[in-house]
1. Can you give the convex hull volume per residue for the Cα atoms of the protein assembly as shown, as a whole number of Å³?
2. Provide A:THR257, B:THR88, A:THR29 ordered by accessible surface of protein heavy atoms (probe 1.4 Å), highest first.
3. Roughly speaking, what is the stretch gain from B:GLN139 to B:ARG122, that is 0.36 nm per residue apart minus the C-alpha to C-alpha distance, in nm to one decimal?
4. Report the full-extension gain for the segment B:TYR100 to B:ARG68: residue separation times 0.36 nm, less the Cα-Cα distance, to one decimal in nm.
5. Taking only Cα atoms, what is the 0 to 90° angle, nearest 10, from helix A:204-225's long axis to the longest principal axis of chain A?
6. What residues qualify as long-range amide H neighbours of B:ASN63, i.e. H under 5 Å apart, gap of 5 or more or another chain, H built at 1.01 Å from N?
7. Positive end of the charge dipole of region B:3-141 (Lys, Arg +1 and Asp, Glu -1 on Cβ, about the Cα centre): tell me which of B:CYS25, B:TYR74, B:VAL57 has its Cα farthest that way.
8. What are the ³J(HN,Hα) couplings of region A:20-30, residue after residue, when phi is run through the Karplus curve with 6.51, -1.76, 1.60 and θ = phi - 60°? Round to Hz, x for glycine and proline.
Amino acid sequence: MNQLWVAIIAIIVAPIIGGFLAGIDRKITARLQGRWGPPIVQPFYDFFKLLGKSRIATSRMQFVWIYGYLVFMIASLVFLVLKLDILLLVFLLGFAGISFVLGGFSSKSPYSHFGANRELLQILSYEPVLLLMALGIYAQNGSFMISEILKPSSEPLLASLWPIFIALLVILTIKLRKSPFDIATSHHAHQELVKGIMTEYSGPYYALIQLTEWYEIVLLLGIIALFWANPLWIGILIALAAFILELFIDNIAARMTAGWMVRFSWAIGLVLCILNIAYLYLMKGV
Amino acid sequence: MGIIHTSRIKSPWIIHFDNSSCNGCDIEALACLTPLYDVERFGIVNMGNPKHADVLVITGPVNYRTARVLKNLYAQIPDPKMVIAVGTCACSGGVFHNCYNILGGVDKVVPVDVYVPGCAARPEAIIDGVVLALQKLAQAQGVAK
Ligand code: SF4
């Protein structure tokens with residue numbers, strides 16, 4: 001019963017936190033560009049406005065997949081707050097990404113197809129690193145359970161897994177669709193592919209995508225916070241610092257190509273992860 | 001209806017369409033997004049995608065080619081939507097009004113809510129136009145769903 005309440009509260013509170021983070025994102029970005037910027041609650045205005053718009057359907061399957069995206073994302077968040085298996089969490093996150101891609105492919109718009117192809121490339125770049133992160137946590141703790149990480153006696157993962165942490169920061173940039181990895185949706189470069197994979201979603205369905213993104217921000221920052229789980233508030237501070245760092249990177253970096261993204265995330269992310277895990281195994285002789 | 005109604009006024013996303021203007025008005029429309037005028041203060045974002053937009057900002061007179069595109073764009077914007085004609089050309093055809101290829105003002109093709117005259121319309125006037133459009137949206141009862 002207790003667990004049920006924790007899950008329900010997380011499902012309600014996470015989008016509120018995520019929305020405010022998105023608002024802070026827009027505000028800080030505007031300040032960095034010498035503008036005043038919208039109010040912090042602007043994402044909520046956008047969300048409710050989109051809910052009130054008319055529904056224009058381009059294909060029916062699209063909407064099934066967009067609900068899948070939302071549900072899988074919520075499921076992985078529930079895995080996090082209930083301190084379950086981190087490997088399964090990564091798989092659920094993968095399912096969410098795939099649902100989004102299928103949603104992009106299910107309409108006939110070329111922009112949407114372009115975006116979906118690029119989203120696949122994004123998954124190709126971040127999924128291996130996330131899997132290796134789970135493996136690294138296993139090598140360190142001997143268990144995939146998040147409850148094991150949060151045990152009061154355990155020491156911070158950051159001490160032994162800092163290369164994986166750096167790889168995770170790269171992944172965070174890809175997942176949050178920030179420059180230089182703003183590839184599948186193009187937040188600002190409309191001239192290139194309109195809105196990429198999101199082009200065909202309008203009104204309430206676009207609001208659902210925003211909602212999912214808010215869940216995603218909270219989920220990813222939660223995973224980052226796990227790297228300093230005792231006491232957890234240090235972890236949360238680290239996660240917020242990582243978020244602010246992403247905003248700075250977003251504003252100083254240019255958009256790069258999709259191929260560059262895959263090469264970069266594999267060359268940096270995968271190598272760091274593999275070295276980290278190899279070192280752990282050699283030292284512990286598992 | 002309260003929160004959705006407020007949100008509509010707080011978050012107008014625009015799409016900017018250039019018919020066949022001399023580019024003067026386009027530059028002024030884009031100037032609104034720069035740090036000097038920063039319309040994102042009011043939640044105005046340039047979306048570049050008709051399916052996400054609320055306000056269609058049109059510059060330049062309609063010619064026979066762009067009329068079709070304009071109709072298509074207008075149809076792709078989900079309701080409720082607003083149309084602003086920016087510049088004398090978009091209002092009436094302006095200096096191009098009796099060219100062989102020009103149909104005239106934007107209102108020959110799509111219904112216009114707000115006219116912003118001027119050659120070129122100044123950014124302050126364009127922002128004023130958007131504010132007027134939002135007031136109209138706020139007063140509109142029973143907007144099409
Ligand atoms: S109103 Fe003037 S500045 Fe604007 S498009 Fe027409 S001629 Fe150019």
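The values are calculated or read from the model by the stated rules, or taken from the named source; none is laboratory data. All figures in this text were calculated on a predicted structure; none of them were measured in a lab. Backbone-built Cβ (ideal geometry, glycine too); neighbour counts: all protein chains shown. Each accessible area value is taken on the protein alone, full model and side chains, heavy atoms only, with ligands, DNA and RNA left out. Shrake-Rupley method; radii C 1.70, N 1.55, O 1.52, S 1.80 Å.
1. 139 Å³
2. A:THR257, B:THR88, A:THR29
3. Length gained, B:GLN139 through B:ARG122: 3.5 nm.
4. Residue separation times 0.36 nm, minus the Cα-Cα distance, leaves 9.8 nm.
5. Orientation of helix A:204-225: about 20 degrees from the principal axis.
6. Here B:LEU103 satisfy the definition.
7. Positive-end residue among those listed: B:TYR74.
8. 5, 4, 4, x, 4, 3, 5, 5, 5, 4, 4
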